[in-house]
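The values are calculated or read from the model by the stated rules, or taken from the named source; none is laboratory data. Quick caveat, the model's predicted, so the values are computed rather than measured. With ideal geometry, Cβ positions are generated from the backbone for all residues, glycine too; neighbour counts draw on all protein chains shown. In case anyone asks, the SASA skips ligands and DNA or RNA and just uses the protein heavy atoms, side chains included. Shrake-Rupley method; radii C 1.70, N 1.55, O 1.52, S 1.80 Å.
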Amino acid sequence: MTDLDLRDAVASDIPVLHRLIESAYRGETSRAGWTTEADLLDGQRTDPEELADILADPDQAILTGWRAGVLVASVLIARREEGMGYFGMLSVEPTLQSSGLGRRMVSAAETALTTRFGARRVRIQVFPQRDTLIAWYNRLGYRDTAQTVPFPYDEPRLGSPLRDDLYFIVMEKAPG
């Protein structure tokens, strides 16, 4: 595996970052990987304005992974309540999925959440329909908390739901 250069996203990264996230989650290109949500949601996963809002918020960041100057992975990190961190929007170039990049980005997210935000616990949210993804997070030490979060059907930034039974399960672990 070639080296991965990790750094925080900056505003000038937004166009390429947006393309990566969309390709990992939506449309036919996302089906090249195993993390697609194309059977659950249509339309966009995010938009450049939301990415700009994230980058402007001191309690959030987007970590990016680059190879030879090409963006191949990213993950959103955020401070939540005291001692709690969150990561989401984990994106890996679909043709590079299953190469260890996702695992490296999760590890980078956990480290950043601990060092920057003092996280003693890290949470994620996953669609329960994503059995393979839940199993992957289980292998990384994440456990179902038995908490659920409703899917925001009224938030067009997250796409157009293709079914009416969407919600998230909350998974958590202590980093390290």
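Of note:
- Note on Thr148 and Arg121: their simple-model spin labels are 2.0 nm apart, each label 7 Å out from Cα toward Cβ.
- Whole-Hz ³J(HN,Hα) from phi, Karplus 6.51 cos²θ - 1.76 cosθ + 1.60, for the range 74-80, glycine and proline x: 7, 7, 7, 10, 8, 7, 10
- Of the beta bridges in the chain, as assigned by DSSP with both residues counted there, near 90 percent are antiparallel.
- Alpha carbon convex hull of the range 107-152, projected area averaged over orientations, nm²: 4.0 nm²
- Rounded if a/c under 1.5, otherwise prolate or oblate - the range 1-83, Cα gyration tensor axes: oblate
- Inter-site label distance for Arg139 and Ala68 at 7 Å from Cα along Cβ, in nm: 2.7 nm
- Accessible area per residue in Å² at 1.4 Å probe, computed on the range 1-138: 45 Å²
- Calculated [θ] (222 nm, deg cm²/dmol) that DSSP helices of n ≥ 4 give over the chain, each run adding -39,500 (n - 2.57): -8500 deg cm²/dmol
- Note, ³J(HN,Hα) from phi for the range 12-18, Karplus 6.51, -1.76, 1.60, rounded to Hz, x at Gly and Pro: 5, 7, 3, x, 6, 5, 4
- Residue among Gln147, Gln129, Gln60 with the largest mean-square fluctuation in a Gaussian network model of the chain, springs linking Cα atoms under 10 Å: Gln147
- Note that the range 112-127 has calculated 3J(HN,Hα) couplings of 5, 5, 6, 6, 7, 10, x, 5, 9, 9, 10, 10, 9, 10, 9, 5 Hz, one per residue in order, obtained from phi through the Karplus relation 6.51 cos²θ - 1.76 cosθ + 1.60 (θ = phi - 60°); glycine and proline are x.
- Full extension of the segment from Asp39 to Asp3, taken as 0.36 nm per residue of separation minus the current Cα-Cα distance, would add 9.7 nm.
- When each of the peptides 107-116, 88-97, 62-71, 160-169 is scored by the mean number of other C-beta atoms lying within 10 Å of its residues, the order from highest to lowest reads 88-97, 107-116, 62-71, 160-169.
- Portion, in percent, of the accessible area of the range 36-176 that falls on carbon or sulfur, probe 1.4 Å: 49 percent
- Evaluated with a Cβ-only charge set (Lys, Arg +1; Asp, Glu -1), the chain carries a dipole of roughly 760 debye about its Cα centre, given to the nearest 20.
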